[in-house]
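Every number here is computed from the coordinates shown, using simple stated rules; none is lab data. Since this is a predicted model, take the numbers as computed values, not measurements. FYI the Cβ positions are ideal-geometry reconstructions off the backbone, even for glycines, and counts take in every protein chain you see.
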Amino acid sequence: MLILFFNIGGASNSVENDSVVEPIPKELYREQTLGIEQYIGGSADGYGSSIELVEGQVAPIIPDLKIQTPVSCHAFTQKYYQTHRAVDLVSDCSLSVFSAKTGVVTFAQYTSPIGYGNKIEVNHGGGLYSLYGHLAAFEVSVGDFVMEGQKIGTMGSTGDSTGTHLHFELISSSVRINPELYFR
């Protein structure tokens with residue numbers, strides 16, 4: 001089995017280890033900017049992404065993972081469930097959107113009027129990504145290194161949205177997981 005390591009600014013490292021179960025075949029991987037491993041093609045909305053999602057897999061539980069809530073003073077407008085593998089958040093004190101964890105921006109652009117609209121994806125290493133949808137504005141670009149809690153955008157209502165909010169996804173090894181389980 002192939003294990004990939006997060007390595008900003010350098011070459012990818014890999015080792016063979018038969019004791020590790022690999023959920024994604026190694027042929028789906030490729031190296032991108034800054035040596036961050038990304039998945040080829042694909043997206044949840046079909047309009048561009050740095051993440052290949054695998055549907056139908058059981059979402060893994062990640063022990064000891066903690067992430068910052070990406071908005072201040074938040075309330076949920078929609079929670080994670082079978083057909084909505086994300087959380088939708090609103091805030092009554094700020095429209096700022098913050099990186100949930102330290103990482104590298106792998107995607108930051110408008111996707112489609114029927115999808116996420118303005119979307120940012122951040123690679124946190126180890127197969128962990130966060131996705132921020134329906135943004136009004138970007139504060140980052142592809143390739144930017146972002147710290148946990150750094151402002152990366154502004155909440156909005158672009159794409160397939162019924163009002164100003166943040167659509168937030170957490171993706172581990174190509175499977176969307178419930179971010180609410182990992183908020184501090």
- Tally, over segment 84-109, of residues that are surrounded by 16 or more Cβ atoms within 10 Å (Cβ to Cβ), over 15 Å from the mean Cα position of the chain (by Cα) and outside any strand (DSSP E or B): 1
- Item | Filter result (among the hydroxyl-bearing types (Ser, Thr, Tyr), surrounded by 21 or more Cβ atoms within 10 Å (Cβ to Cβ) and assigned to a loop (DSSP other than H, G, I, E, B)) within segment 110-146 | Thr111, Tyr116
- Task: Select from segment 147-182 the residues that are aliphatic (A, V, I, L, M) and farther than 26 Å from Ile114 by Cβ and write down the one among them that is surrounded by the most Cβ atoms within 10 Å (Cβ to Cβ).
- Result: Leu181
- Query: Considering only residues of segment 147-172 that are in a loop (DSSP other than H, G, I, E, B) and charged (D, E, K, R), which is farthest from Leu65 (Cα to Cα)?
  - Reply: Asp160
- Message: Go through segment 66-83 and report how many residues are part of a loop (DSSP other than H, G, I, E, B) and in contact (Cβ under 8 Å) with a residue 40 or more places away in the chain.
- Response: 7
